[in-house]
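See below for the structure under consideration.
The values are calculated or read from the model by the stated rules, or taken from the named source; none is laboratory data. Owing to the predicted nature of the structure, the values given are computational and were not obtained by experimental measurement. Here the Cβ is made from the backbone with ideal geometry for all residues, glycine too, and neighbour counts use every protein chain on show.
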Amino acid sequence: MNLKKGFVKVIPETFDDLWHLYNIIYEDDEVYARTTREMKPDERYARPRRGKRIPVFLGVKVEKIGWDKLLGRLRAHGTICKAPETVPLGAHHTVNIALNKPLTIVKKKWARHNVERLKRASKTSEKPVTIIAIDDEGYAIATTKQYGVEVKVEERIKLPGKLEAEKRSAAAKEYFRKASNSLRQVWTATHSPIAIIGVGFVKKDFAKFLQNEATEIAKSVVDVKSVNNSGVAGIYEALRSGILLKTMKHMRIAEETEVIEEVLKRLGRNESNIAYGFDDVKRIAQLGAIDTMVLADATLRKASDEKRLVLEDLMRVVEQKGGKIMVVSTEHEAGSKLLALGGIAALLRFSIHGDLYR
């Protein structure tokens, strides 16, 4: 990292690292990496034919950055600003930003929140948490990511009623075996901690089944908790309610969810120690009343250069007056709720009544 010269060199090691880079690389930044480019023969002397792709080191001035979360792929498209003599400057090119490949990012000015995000990402080594929500109507399995929750499996079933004890017992054993096989496939990739959640007693019965039939998986179970909803809805409920905070205390998503739930709670009670929307947050920031300002990553990423500078200036004001900044991912439910509030909100140290800042 050399901020005086405006560049940072990184090597993304995980898909989460690619997500961080997606939120850090802006239009008009420059990225430098080894890539491949199709080189066509000189058509004045040769019959036109398809060119050959060769490896080159290129610099691209970014016009568009694209993130495919399903494929875990990051692509920076723009015009070539540095290249060997055989490659024309100004031509368009797309750099595929890949895992375990060096990348240099050059900015005219590095914002503090971008530098802190990179530093935080470089220190992050926690394993994801695997969550299985299970009841007598089906199960869902998801893994936590720094950018949200990724649902891996979702199955619906219908167990025989409790009055048919013998049938229900046999069906439940077969059901648990199927659920444990699905869980094993997800867990084998990471050997991550497992949280079992669900409605009713099925979750505890499933935990006992793992202890008897899949002891290696059972050793990774760190929590069994109750929720009111089944399936994927139960997973989001567990994140919102905070019952998995002990399990996920180092996970960024849990922290973001907790803060956004506090924002919504204060708004629901019509309290005066909360603000949302750019204009109100900006006015209150000047009073030094902001304890924590939350900003949706999409709001920052999609802003024009002029608007981004205004947002970054607001962030500096909040920090200078002792407040904290949290940039919230919009790839999970909490971030979507923040977007619905205009993409920005603030928890205040003390109550502010309208006439004081309008």
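What to note about this one:
- Residues considered: A218, A142, A195. Of these, the only one that is surrounded by 15 or more Cβ atoms within 10 Å (Cβ to Cβ) and either farther than 30 Å from S336 by Cα or basic (K, R) (or both) is A218.
- Candidate set: segment 14-41, residues that are surrounded by fewer than 14 Cβ atoms within 10 Å (Cβ to Cβ) and in a loop (DSSP other than H, G, I, E, B); chosen: the one modelled with the highest pLDDT: D28
- Any chance S336 is within 19 Å of the chain's Cα centre (by Cα) and surrounded by fewer than 18 Cβ atoms within 10 Å (Cβ to Cβ): yes
- E166 vs. criteria at pLDDT 85 or above, exposed (fewer than 13 other Cβ atoms within 10 Å of the Cβ), outside the structural domain of E312 (by TED's automatic domain parsing) and farther than 23 Å from R240 by Cβ: no
- Pairs with Cβ under 8 Å, 6+ apart, first in segment 285-309 and assigned to a helix (DSSP H, G or I), second among the polar types (S, T, N, Q): D297/N23; D297/S329; D297/T330; A298/T330; L300/N23; R301/N23
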